Amino acid sequence: MRLLHFADLHLDAPFAWARPETARLRRRNRREALTRILALADEERVDAILCAGDLFEHERFTPDTITFLRESFARTDRPIYLAPGNHDWYSPRSPYALEAWSPNVHLFTEASLAPMPLADGLTLWGAAHRAPADTGPVFAGFKPDRGGIHLALAHASERSALPFQESGKEPHAPFDAAELEQAGITHAFVGHYHVARDRERHTYPGNPDPLEFGETEGRGVVLATVAADGSVERERRSVAVSQVHDLAIALDGCHHVDDVRQRIAMAITGLSGSVRVTLGGEVPAELPVEPRSLEQLGEHLDGFIVRSGALLPAYDLEAIHAESTVRGQFARDTLEIADEERRRRVLVTGLRALEGRADLEVA
């Protein structure tokens, strides 16, 4: 049996960092990503489509979004199995319950695993989040009530991956990989983590279209072939619409604001979509670097953010130490700090404060 697995599309995501027109474009791109997913399913002639939650944002969805989903799902005759997550959680008042979905849409609505036969001897077990938080384990203690091969579909957090996932992720519906074997689950198709992750008994496809800057490669959808013995072969495909670039630009050697502007302009030439630039390096202490004033350089882009990273002011410290000034006395006082790195941070922070400047960060 051939399956297409995706998760974490997050239709109607806010993109709060972006200007309104950019946020609207990014939300349109998410719809186009779903269109690509369904087209790929038809092209590959998969037997079923699996969605492991966070299809949309429960707190932000619009009627138009639900209409789009209903009409998109109805255009394919392939079975679609949905396991709601913590963002699109199921309740009697959710769109999942109130909308009239096409017959090919199969929704898991219970917090515990429920069966859905896919073929003779092959069962898909799915569960839903019934609240936006505090969803407990779904695999612990589970035992199937029938024989054959058992697959699972859920929005769940594999505990060993927590330290390696994006910051701020809460462990909703946590599980240990060993619980899958104990439960008799041959393979679990899961969502929640936006980082793509393939393990022996579970698969995270990652978010299909970029949500944040700095996302790693490999995210998209997974085409999975389940053999008669339950073994799973996986193939990843990209369906992303949005172009997102995360650049680090060193400003070493820049002496004027025009130098800074030119270096940024050269770095973003030829790029499209959304770009985030992080400035670093060492620049003269008297050179003002104000990230917000540089964002006009990206007017040709859908979205452009400039931020300071390890951007250090260059001082002639030997000359400052010799000064008969408050600044010179302050600099000499810092020599009593034994830790070199701490001494540097205190010195540079103090010098910037004496100048009344805050445009350079102390790394």
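The values are calculated or read from the model by the stated rules, or taken from the named source; none is laboratory data. Just so we're clear, the structure is a prediction, and the values are computed from it rather than from any experiment. Note: ideal-geometry Cβ built from the backbone for every residue, glycine included; neighbour counts use all protein chains shown.
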(Q) Which residue is farthest from the chain's Cα centre (by Cα), if the candidates are limited to segment 268-294 and must be more than 21 Å from P210 (Cα to Cα) and in a helix (DSSP H, G or I)? (A) S293
Q | Boolean, T203 is without any contact (Cβ under 8 Å) to a residue 24 or more places away in the chain and either under 18 Å from the mean Cα position of the chain (by Cα) or buried (at least 23 other Cβ atoms within 10 Å of the Cβ) (or both) | A | no
Q. Tally time: how many residues in segment 9-25 are of a type in the set (D, E) and either farther than 19 Å from T35 by Cα or surrounded by fewer than 17 Cβ atoms within 10 Å (Cβ to Cβ) (or both)?
A. 1
Q) Looking at H150, H129, which one is over 28 Å from the mean Cα position of the chain (by Cα), modelled with pLDDT of 95 or more and closer than 26 Å to F175 by Cα? A) H150
**Q.** Residues (outside any helix (DSSP H, G or I) and among the aromatic types (F, W, Y)) located in segment 304-332
**A.** F304, Y315
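When you scan segment 80-91, do you find a residue that is in a loop (DSSP other than H, G, I, E, B), surrounded by fewer than 16 Cβ atoms within 10 Å (Cβ to Cβ) and in the same structural domain as I185 (by TED's automatic domain parsing), even just one? Before you say what the answer is, go through the steps one by one.
At the first step, the residues of segment 80-91 found to be in a loop (DSSP other than H, G, I, E, B) are 83-91.
Still in the running and surrounded by fewer than 16 Cβ atoms within 10 Å (Cβ to Cβ): none.
There is no residue in segment 80-91 that is in a loop (DSSP other than H, G, I, E, B), surrounded by fewer than 16 Cβ atoms within 10 Å (Cβ to Cβ) and in the same structural domain as I185 (by TED's automatic domain parsing).
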